[in-house]
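K.L.:
Here it is, the structure in full.
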Amino acid sequence: MLDIPVARSAWQSVRGEIEALFAALWHVPEMPGLEYQSAALLAAFLERHGFSVTRGSGGVPTAFVARKGSGDGPRIGILAEYDALAGLDNDAVPYRSGSGRKPGHGCGHNHIGPANTGAGIAAALAAARLELPGEIVVIGCPAEEICWGKIALQQAGIFDDLDIILTSHGDYQNGALSRPCHAFVSSEFIFRGDSAHAGMGTVRDALKTAEEAMAAFNVVLTERFPDTSEKHIFRSAGVMPGVMPEEVRLWTSLHHSDLGPMMQAYQALKAVFTEVAGRTGVGLEEKFISACRGYLPNHAAGRVLDECLRVIGPPRWSEADIAWMQALSAAASPSKPFELDRGIKFFDKGTDYYGQDDGDVSWIVPLARLNWAYPTTVPIHHWAWTALSGHVSSSPGPLMASEAIALAAVTFLSRPDLVKAAQAELRERVGDEIITVVPPGINEIMAEDPTAFWEARW
Ligand SMILES: [Zn+2]
C-alpha cells in the first residue's frame, strides 16, 4: 500500500533545496545548449542525495542522466528542463526592467528543472523508506526552447529503458494533461547573393529574395495549408543599408496538430523558396534544425497524476503573492482583468498551442504532464514571465507540481499495474505505426560549438 505521508514528508525534506534552486537557476539564465551552470547545479543536487549522475548523455554536453534505486521494478523517468530564452531578461520586479538583449527565464524553466529534479529525489527517498523496488531516473534535458534536446536524447536511446515519464510546465491552468499539443518543424535557410552598394540594381539581392520567398510562402500557406501556422526571424540580414548582405539567414518554424500535414507544408515551403531563389539567381541552402510530433495523450498515466495532484491541492498563494502578481499584470496587460486559475482540473479535451521536444518521446513511453497556473495576464515567452519566475510569488505553482510528481512517481513504483495500464493504452493508440524521430540537423554543431549556432555561423 502506498504510504502518502512518507512520500509527502520525503518531499518536504527537499523543499528548501528546490526553492533555493528556483532562484539559483533564475540568476544564471543560459541559452539552449549552453546551460553549463544550470545542469551542474541540478546534477550536484542529485548527487548530494545519492543519485549516480552521468553527464553529457547522448552526446549532448549539457544533458545528464541520474539514477537511483534498483532495476527490478518500474523505471520512472522524470524530465528536467533548464534553458532560458533570448532577449527576455527582466529584474524580478512587477514592471519592465530589462535590456531586451540578454537571456531570461521567460518560460519558467528555472522552475521546471528544480521542481522535477526535486520530485525525483523525494520519490527515491520515499521509495527507499518504503522498500519499493524500481528506479527513479531524472533526465537533464537541455535546449527545449529550440525543440531539440530531447529529440537528440531520444535518438541516442536515452528514454528506451523507461517505463513511464513524468514532467511539468507553467501555463495558465493547474492540472494533469492528457491531450495533444502541436507538431513542429524548424529550419534555417541561407540565401547567398552578391555584396555590393545597395544602389546597384543588377546584382543578386539575397535579402530581397529571402523577403520575397517568405511572402510567397505565406500566400501558399493561406491557400493550401490554412491549419498550419508559421513563424520566422531573420538571424542575419546585413549590418547597414548601404551594403547589401552577401548572406541572409532566415529561421522558420511551422506548427500543426499533426506531423504528416505539417511536413507537407514544409515541403511546399522548400519548393517556394527554391523557386523564388532560382528566379533571382540567389543561392539557397537548407540547414535543418528539428521536427517532432505533438503529445500522444495517455489517460491512464494522466489520471494517476490527476489523483496525486488532488491529494496535494492547488497552489497555496498568499495574499502578498496575489498582490504582487496583480501589480505585474497591471504593468504587462493593463487593459485586461486579472485572472488566475486557483482550482484543479483534468485536461483531456482540445489541443495545446505549443510544440514540445518530448512530443515524440510520448509515442514510445507513456508520458504524463502536469501544468501549474500563472495569471492569464502574464504572457508566456514575455518579460513579465521572466519577472514572475524570479519572484517568490510564483513558487506555489511549481512546488505543487513537484510534490504531485513525487507522489505520482511513488504511486507508480508501488503499483506496477498502473504503469502497465498506461503502456497498454500507448500501444493501443499507436497501433501499427512505427515511431521514429526525424533526425535533427544540429546534433553536431550543438555538441561541438553551440556558440557558433547562436552566432548564426554554423
Ligand atoms: Zn517552456
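K.L.:
Got a sec? Which residues in the stretch 44-87 would a label at residue 447 touch, if it sits 7 Å along Cα→Cβ and we count backbone N under 13 Å?
P.N.:
Of the residues in the stretch 44-87, 56-63 have backbone N under 13 Å from the label point off residue 447.
K.L.:
Same structure, new question: For the stretch 104-211, run through the GluC sites (Glu not before Pro) and keep only the ones in DSSP coil with at most 14 other Cβ atoms within 10 Å of their Cβ.
P.N.:
Working: sites: 131, 135, 144, 145, 188, 211; in loops: 131, 144, 145.
Within the stretch 104-211, the qualifying GluC sites (Glu not before Pro) (loop, at most 14 other Cβ atoms within 10 Å) are 131.
K.L.:
Hey, another quick one. Can you give the calculated 222 nm mean residue ellipticity of the chain, where each DSSP H run of n ≥ 4 adds -39,500 (n - 2.57) and the sum is split over every residue, rounded to the nearest 500 deg cm²/dmol? Spell out each step's value before the answer.
P.N.:
Working: 13 runs with 186 residues, N = 458.
One gets -13000 deg cm²/dmol as the mean residue ellipticity at 222 nm.
K.L.:
A further question follows. Are there any trypsin sites (Lys or Arg not before Pro) in the stretch 376-458 that are in a DSSP loop and have at most 16 other Cβ atoms within 10 Å? List them by number.
P.N.:
Values: sites: 420, 427, 429, 457; in loops: 457.
Sparse-neighbourhood loop trypsin sites (Lys or Arg not before Pro): 457.
K.L.:
When all C-alpha to C-alpha distances in the chain are sorted into bins of 20 Å, what percent of pairs does each bin hold, rounded to whole numbers?
P.N.:
25, 55, 18, 2
K.L.:
Moving on to the next point. Calculate the radius of gyration of the Cα atoms of the stretch 183-290 to one decimal place, then report Dmax, the largest Cα-Cα distance, as a whole number, both in Å.
P.N.:
When restricted to Cα atoms, the stretch 183-290 yields Rg and Dmax of 14.2, 45 Å.
K.L.:
Which lysines does residue 270 reach when only Cα atoms under 19 Å apart count, and residues fewer than 8 places away in its own chain are ignored?
P.N.:
Within reach: 208, 231, 287.
K.L.:
Express in nm, to one decimal, how much length is gained between residue 436 and residue 173 on full extension, taking 0.36 nm for each residue of separation and deducting their alpha carbon distance. Before the final figure, lay out each step's value.
P.N.:
Values: separation 263, 0.36 × 263 = 94.68 nm, distance 3.14 nm.
Taking 0.36 nm per residue and subtracting the Cα distance, the gain is 91.5 nm.
K.L.:
Spin-label point model (7 Å from Cα, Cβ direction): what's the residue 96 to residue 417 distance in nm?
P.N.:
5.8
K.L.:
Only Lys, Arg, Asp and Glu count, each charged at its Cβ (+1, +1, -1, -1), so figure out the dipole size of the chain about its Cα centre, rounded to 20 debye.
P.N.:
Details: 37 positive and 54 negative charges, 125 e Å.
Here the size comes out at about 600 debye.
K.L.:
Sticking with the crude label model, points 7 Å out along Cα→Cβ, report the distance from residue 428 to residue 130 in nm, one decimal please.
P.N.:
Those two pseudo-labels are separated by 2.5 nm.
K.L.:
Let a ≥ b ≥ c be the square roots of the eigenvalues of the Cα gyration tensor of the stretch 116-174; is it rounded (a/c under 1.5), or, if not, prolate (a/b larger than b/c) or oblate?
P.N.:
Numbers: a/c = 2.74, a/b = 1.41, b/c = 1.95.
Verdict is oblate for the stretch 116-174.
K.L.:
Would you mind telling me the antiparallel percentage of the DSSP bridges in the chain, rounded to 5? Walk me through the numbers on the way to the answer.
P.N.:
On the way: 42 of 63 bridges.
If I count the DSSP bridges inside the chain, around 65 percent turn out antiparallel.
K.L.:
Taking the Cα centre of the stretch 183-290 as origin, sum charge times position over the Cβ atoms of Lys and Arg (+1) and Asp and Glu (-1), and report the length of that vector in debye to the nearest 20.
P.N.:
Values: 10 positive and 14 negative charges, 23 e Å.
Taking the Cα centre of the stretch 183-290 as origin, the dipole is about 100 debye.
K.L.:
At 7 Å along Cα-to-Cβ for each site, give me the label-to-label distance between residue 270 and residue 224 in nm.
P.N.:
Distance between label points: 1.4 nm.
K.L.:
For the stretch 183-290, build the charge dipole from Cβ charges (+1 Lys, Arg; -1 Asp, Glu) around the Cα centre, then report which of 268, 189, 243 sits farthest towards its positive end.
P.N.:
Positive-most Cα among the choices belongs to 243.
K.L.:
May I ask you to list the aspartates and glutamates whose Cα is less than 13 Å away from that of residue 150, ignoring any residue fewer than eight positions away on the same chain?
P.N.:
Of all the aspartates and glutamates, those that pass the test against residue 150 - Cα under 13 Å, at least 8 places apart if same chain - are 81, 83, 160, 357, 358, 360.
K.L.:
Loop only by DSSP, 10 or fewer other Cβ within 10 Å of the Cβ. Give me the GluC sites (Glu not before Pro) in the stretch 340-440 that pass, ordered by residue number.
P.N.:
433
K.L.:
Something else: Using the Cα centre of the stretch 305-404 as origin and beta-carbon charges of +1 (Lys, Arg) and -1 (Asp, Glu), tell me which of 382, 312, 330 is placed farthest towards the positive end of the dipole.
P.N.:
330
A short reminder: the numbers here are calculations on the coordinates, not readings from a lab. Just so we're clear, the structure is a prediction, and the values are computed from it rather than from any experiment. Neighbour counts are summed over all protein chains in view; Cβ atoms, including those assigned to glycine, are modelled from backbone coordinates with ideal geometry.
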